[in-house]
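Worksheet: the structure to be examined is printed underneath.
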Amino acid sequence: MGTTAAYFRVFLTFARNSLVRDMTFRGNFIIDSITSMAWMLLNLIFYLLIFHYTDFIGANTGENPGWGRYEFFAFFATSMVINALLQAFFMTNVDELTDLIRTGGLDFILLKPIDTQFLVSLRRVEWSSLSNLVLGLVLLGYSLVHLAYVPEVMQVVLYMIYVICGVAIYYSLMIALASSTVWMGRNQTLYDFWFYITTFSRYPMEIYTGSLGEPLRSFFTFIIPVLVVVNIPARILVWPLEKQNWPLAGFTILATAASVAASRWVFQLALANYRSASS
Amino acid sequence: MLYFTVLRISIVERLAYRVDFAMGTLMRFLPIVTQVFLWDAIFRGMTSGPSPIAGYNYHDLIAYYLLTMVSRAFSSMPGLASSIARDIRDGTIKKYLLQPVDMLSFVLMSRLAHKLVYYAVAAGPFALVFWICRGYFSGWPDLWTMLAFIASLLMAFLLGFFLEATLGMIGFWFLEVSSLLFVYMLVSFFFSGQMFPLDMMPSYWPTVMKIIPLQYMAYFPAAVFLQKVTGADLAWGLAAEAFWVMFFYLSARTMFHYGVRRYSAYGG
């Protein structure tokens, strides 16, 4: 118990230090916040444009309600929230891990009397990324107001749980990819690879239909579970409880646990194979 | 002869990482897979039955996204502006001032080498993807359209190069340009038509967006191939593209000329 509290205190120190640092370069902080929001706003324009021409994404069949304008905006807002959390806490740190492995800087981290994965993953908090969290929550509120359906308290609680699951799945995938730098050496395409994988999770999973879409959907649900990251929390919130896909929601909990465990294993395997590059 | 050597050295250098290259090229098509499904879902979601969007039916749209990949293969200059700005900041740029080489020509040659190697390695993956997706195209366009398409691509390369070089030269006046470059990247992703065909924008927006030269980086060549731009519009479009190439060539030259006078050679 004592260690958990200690780790939490260390994390708070990291968070405070990052905030002090961000506030020292305030102009930069503001520019970073604006640019990260700008990208989301451009996406939003694209989606507005789509709904200028269509009423639903995916056919509106009885069993499958189809994603109307405000359901989809709630979906997109969820995606923003999850990505903002990921960027604020993990993205910069995990990206730095590849550099640390390549340059041998990881030596200094291994020397510290603290769990290496914890230190590598949470050293910096990117406060400016939280601007997207705010933007995401505003968009989510706006969509919910315009939806005919009002979610129950239970759904809001489940939503928050599944958002955390989503962040955990993304994080696991990311740290496992970054750890693989140990074996691959030059791994500059990590960020690209990350972007390409997550393009599949940006849209409702119902769009993947047909002889090519079904296998794709299964692959990104059951093998690399990125499709459940945004889909599960979003649909929990916008559709009534009796229309939920409970088996898939249950699977998501399992997938989260499995992803975290697997990435922990990959990370430690990577450390065991790490051969301090430069010194 | 000098610049030919630069070209040759850069080609050898780039070929060292060819596997990374070929993999990277294939990966770049992955977002299109998502677009294939997304647009199918959009057309299926129209309650009054699928109807073309701004003159693009489903097949046109997928063909459009595939063709913007070709446009980007010519016009994108990854890292060009930031590397020029970095050379200015850390003082590396003085090698061009000491040695009898012209910086812009040197960088152009090494960039041309990057591109030539890229085409050599990427031709395979591109041919494969287009062959798989041949169903989205309604055959080859006529000879004149093909010639216009090729001309628009070659100019897209020059436009991309001189535009990014101009942006990099801003580094003579401001030490830190990375935020600016990020904003440029965002703006260009949107205004070049990589997100969607510019014709899809409502009211007067398509006209506005086609005045901005960024449309030549992705939209224009693709629209030419799909024969969405024909006749007088096509001639005017090509002429305007040539104008913008000249404009940014001159601006890069001018900024280098004045920038060097301000330059104070930091670093060792």
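What follows draws every value from the coordinates through simple rules; no lab data is involved. Nothing here was measured: the structure is a model prediction, and the numbers come from that model. Backbone-built Cβ (ideal geometry, glycine too); neighbour counts: all protein chains shown.
Mean per-residue shielding of peptide B:175-184 is 2, counting Cβ atoms of other chains within 10 Å of each Cβ. The C-alpha atoms of chain A define a longest principal axis, and helix A:69-86 lies at about 10 degrees to it. Global dimensions of region A:125-179 from alpha-carbon coordinates: Rg and Dmax equal 14.6, 45 Å. Partner shielding of A:43-56 amounts to 5, given as the average count of beta-carbon atoms from other chains within 10 Å of each residue beta-carbon.
Peptide B:30-37 is shielded by partner chain Cβ atoms: per residue, an average of 6 of them sit within 10 Å of its Cβ.
Shown here are the Rg and Dmax of the Cα trace of the protein assembly as shown, at 24.9, 76 Å. Exposed loop sites here mean trypsin sites (Lys or Arg not before Pro) with a DSSP loop assignment and at most 11 other beta-carbon atoms within 10 Å; chain A contains its longest site-free run at A:1-185.
Note on chain A: Kirkwood radius taken over Cα pairs, Stokes-Einstein applied at 37 °C and 0.692 mPa s, translational D equal to 162 µm² s⁻¹.
Against the longest principal axis of chain B, how steep is helix B:178-191, in degrees 0 to 90 to the nearest 10, with axes from Cα atoms? Rounded to the nearest ten degrees, it is 30. Using the Cβ of B:ALA223 as centre and a radius below 11 Å, the other residues enclosed give a net charge of -1, where K and R count +1 and D and E count -1. For helix B:18-27, what angle does its Cα long axis make with the longest principal axis of chain B, in degrees from 0 to 90 and rounded to 10? Helix B:18-27 sits roughly 40 degrees off the main axis of chain B.
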